[in-house]
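What follows is a set of notes on a single structure, which appears directly below.
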Amino acid sequence: MSESVETVWQGKFITVRKQGTWEYVGRARNIQAAVILAVEAGEVLLVEQYRVPLGRACIELPAGLVGDETEGEAVTVSAARELEEETGYRPAQIEVIGEFCSSPGMVSESFTLVRATGLTRVSDGGGVPGENITVHRVALATLPEFIAAKRAEGLAVDVKLLLLLAASILG
């Protein structure tokens, strides 16, 4: 038998819920997220930006919200828009890889992982005013060293980068 879900607090983008003794966070208004694996010619696009919950900058895959501005927007359309906004690269193709849960013990949010290819640089990127995103185009062959250097600089590393580091971790 399922216990009822109580909304403890709701903001513009997140909702805190309680179900029995379990407390968790979810996206408000059915907003979803898209994470973009932009790869081409043995290189991947990464972004570096300050993350308030961490209190420091984080290195991660480009990502953005789906449906936060335009209700019913397709994931592929949103992902292409976010990739160009954050990195300055416009993709020729966006392929949906699948839906994944980022931290299922605390957050009900899932994200759709997409692969972007056919990249054309159309601007400097950097996100919307205030995001101050730094774009990195990194050779996949040197990614473990790049991540280690960023970690040594004090940056956080998003868990989704394990996707790209798996071969070096598994040995």
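Of the residues making up the range 125-154, those that are part of a loop (DSSP other than H, G, I, E, B) and surrounded by 15 or more Cβ atoms within 10 Å (Cβ to Cβ) are GLY125, GLY126, GLY127, ILE133. Candidates are the residues of the range 47-81 that are buried (at least 16 other Cβ atoms within 10 Å of the Cβ) and among the charged types (D, E, K, R); the one that is modelled with the lowest pLDDT is ASP68.
Taking the range 155-171, which residues are open to solvent by 70 Å² or more (accessible area, probe 1.4 Å) and over 13 Å from THR142 (Cα atoms)? Listed by number, the residues that qualify are VAL159, LEU162, LEU163, ILE169, LEU170, GLY171. Within the range 49-107, which residues are closer than 20 Å to LEU164 by Cα and part of a helix (DSSP H, G or I)? Those that are closer than 20 Å to LEU164 by Cα and part of a helix (DSSP H, G or I): ALA79, LEU83, GLU86, THR87.
Where residues in the range 8-50 are among the charged types (D, E, K, R) and over 12 Å from the mean Cα position of the chain (by Cα), which of them is nearest to GLU131 (Cα to Cα)? This residue is LYS12. For SER108, the test of being open to solvent by 50 Å² or more (accessible area, probe 1.4 Å), touching a residue at least 24 places away in the same chain (Cβ under 8 Å) and under 30 Å from ILE14 (Cα atoms) is passed. Scanning the range 1-17 for residues that are in a strand (DSSP E or B) and either in contact with an Asp or Glu (Cβ under 8 Å, 6 or more places away or on another chain) or surrounded by 11 or more Cβ atoms within 10 Å (Cβ to Cβ) (or both) yields VAL5, GLU6, THR7, VAL8, GLN10, ILE14, THR15, VAL16, ARG17.
The selection criterion, being more than 12 Å from the chain's Cα centre (by Cα) and on the phi < 0 side of the Ramachandran plot, holds for ALA57. Of all the numbered requirements in (1) of a type outside the set (A, V, I, L, M, F, W, C); (2) open to solvent by 40 Å² or more (accessible area, probe 1.4 Å); (3) farther than 20 Å from GLU40 by Cα, THR120 misses one, and that requirement is (3).
When ILE14, ILE36, ILE31 are checked against the criterion of being out of contact with any His (no Cβ under 7 Å at 6 or more places or on another chain) and closer than 30 Å to LEU140 by Cβ, ILE36 stands alone in meeting it.
Considering the range 3-46, the residues that are at pLDDT 90 or above and of a type in the set (D, E, K, R) include one that is nearest to MET106 (Cα to Cα), namely GLU23. Evaluating CYS101 against the criteria (1) surrounded by 12 or more Cβ atoms within 10 Å (Cβ to Cβ); (2) within 13 Å of the chain's Cα centre (by Cα); (3) within 26 Å of LEU143 (Cβ to Cβ) leaves one unmet condition, (1).
Residues in the range 20-42 that are open to solvent by 60 Å² or more (accessible area, probe 1.4 Å) and in a strand (DSSP E or B): TRP22, GLU23, ARG27, GLN32.
The values are calculated or read from the model by the stated rules, or taken from the named source; none is laboratory data. Computed from a prediction, not measured in an experiment: that's the story for all the values here. Neighbour counts are summed over all protein chains in view; Cβ atoms, including those assigned to glycine, are modelled from backbone coordinates with ideal geometry. What goes into the accessible areas is simple: the full protein's heavy atoms, side chains included, and nothing from ligands, DNA or RNA. Shrake-Rupley method; radii C 1.70, N 1.55, O 1.52, S 1.80 Å.
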